[in-house]
1. Can you name the number of the only condition in (1) at pLDDT 95 or above; (2) closer than 30 Å to Asn212 by Cβ that Gln22 fails?
2. Pairs, please: C-beta under 9 Å, at least 6 apart or cross-chain, first residue farther than 16 Å from Leu147 by Cα and open to solvent by 60 Å² or more (accessible area, probe 1.4 Å) and in region 231-246, second among the acidic types (Asp, Glu) and assigned to a loop (DSSP other than H, G, I, E, B)?
3. Which residue, of Leu126, Leu147, is farther than 23 Å from Lys23 by Cβ and assigned to a helix (DSSP H, G or I)?
4. Check whether at least one residue in region 102-114 is farther than 30 Å from Ile221 by Cβ and surrounded by fewer than 18 Cβ atoms within 10 Å (Cβ to Cβ), and report yes or no.
5. Within region 1-28, which residues are part of a loop (DSSP other than H, G, I, E, B), more than 23 Å from Lys170 (Cβ to Cβ) and not charged (D, E, K, R)?
6. May I ask you to list pairs of residues, at least six apart or on different chains, whose Cβ atoms are under 6 Å apart, with the first in region 120-133 being under 19 Å from Lys85 (Cβ atoms) and the second being outside any helix (DSSP H, G or I) and open to solvent by less than 60 Å² (accessible area, probe 1.4 Å)?
7. Based on what the data block shows, is Ile224 in a helix (DSSP H, G or I) and either open to solvent by less than 30 Å² (accessible area, probe 1.4 Å) or free of Cβ contacts under 8 Å to residues at least 24 places away in the same chain (or both)?
8. If I filter region 68-80 down to residues being open to solvent by less than 70 Å² (accessible area, probe 1.4 Å) and outside any helix (DSSP H, G or I), which single residue comes out as nearest to Asn116 (Cα to Cα)?
Amino acid sequence: MKFYNREKELEVLKKADILKSQKSIMTMLIGRRRVGKTTLVLQNYSNEKVLYFFVSKKNEQLLCEEFCNEIVDKLEVKIFGKVTKFEELFEYILELGKTKSFTLIIDEFQEFFRINESIYSSMQKLWDLNKDKTNIHLITCGSVYSLMKKIYEDNKEPLFGRCDFKVDLKPLKVSVLKEILKDYNSYSNENLLDFFLLTGGVAKYIELFILNSSFDLKSMIDTIIDPNSMFLEEGKNRLIEEFGKE
């Protein structure tokens, strides 16, 4: 599936990328699951190196090992010794930012709450001390609205007021869905209505319909109710994500 729309959001990322030549910039990217956040931040809006950290449900030490490998691979530097704390790793990244200019993407940023909540305080301290001496564009992505808003908009939280830009990524508009259907020679008023009602403009759902060539109501429903379809668990997973398993 080709990349559609998102011109305004890309302009924000491009602007932040340019401004990082003056000092480090922090961008908060928020949006529901499957809406296309990762695809957006990995677009080609910068001519410099990009680090991508995904905060999976692992312990801090294992995450640091993965992140260290990404740093070594992308920035072509050596890391001596074993890094077990994200605070130590973030301090090293900021030190690199004094001589190198690059983008750091931290995906599912809110997951640090479950791994080690003190990471946010450590980041705030190190960011405040180093942002004016470094050239990094830090993009923090999150899919759980309640937690991301708590991180950046609760005045009791350490990262309150720290982001320079905020992108609230919404589902694709009807006009974009129309363009997609036309690209696949499947546009009709009926197909557009069904496509909108069943995807809501969510990029991942659109991608699955395209993958299965599901552009009319019957084929879309067949894709949704297939025994192996991700759609079957999607409602429950979204509720668990926002409100917990109970």
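1. Condition not satisfied by Gln22: (2).
2. Leu232/Asp226
3. Details: Leu126 fails: farther than 23 Å from Lys23 by Cβ.
Sole residue among the options that is farther than 23 Å from Lys23 by Cβ and assigned to a helix (DSSP H, G or I): Leu147.
4. There is at least one residue in region 102-114 that is farther than 30 Å from Ile221 by Cβ and surrounded by fewer than 18 Cβ atoms within 10 Å (Cβ to Cβ).
5. Ser21, Gln22, Ser24
6. If the second residue must be outside any helix (DSSP H, G or I) and open to solvent by less than 60 Å² (accessible area, probe 1.4 Å), the pairs left are Tyr120/Pro158; Tyr120/Leu159; Ser121/Pro158; Gln124/Pro158; Gln124/Leu159.
7. No; evaluated as a whole, the condition is false for this residue.
8. Step by step, filter region 68-80, then rank; the result is Ile79.
The values are calculated or read from the model by the stated rules, or taken from the named source; none is laboratory data. Since the model is a prediction, treat every value here as computed from it, not as a measurement. Neighbour counts run over all protein chains shown; Cβ positions are idealised from the backbone, glycine included. In case anyone asks, the SASA skips ligands and DNA or RNA and just uses the protein heavy atoms, side chains included. Shrake-Rupley method; radii C 1.70, N 1.55, O 1.52, S 1.80 Å.
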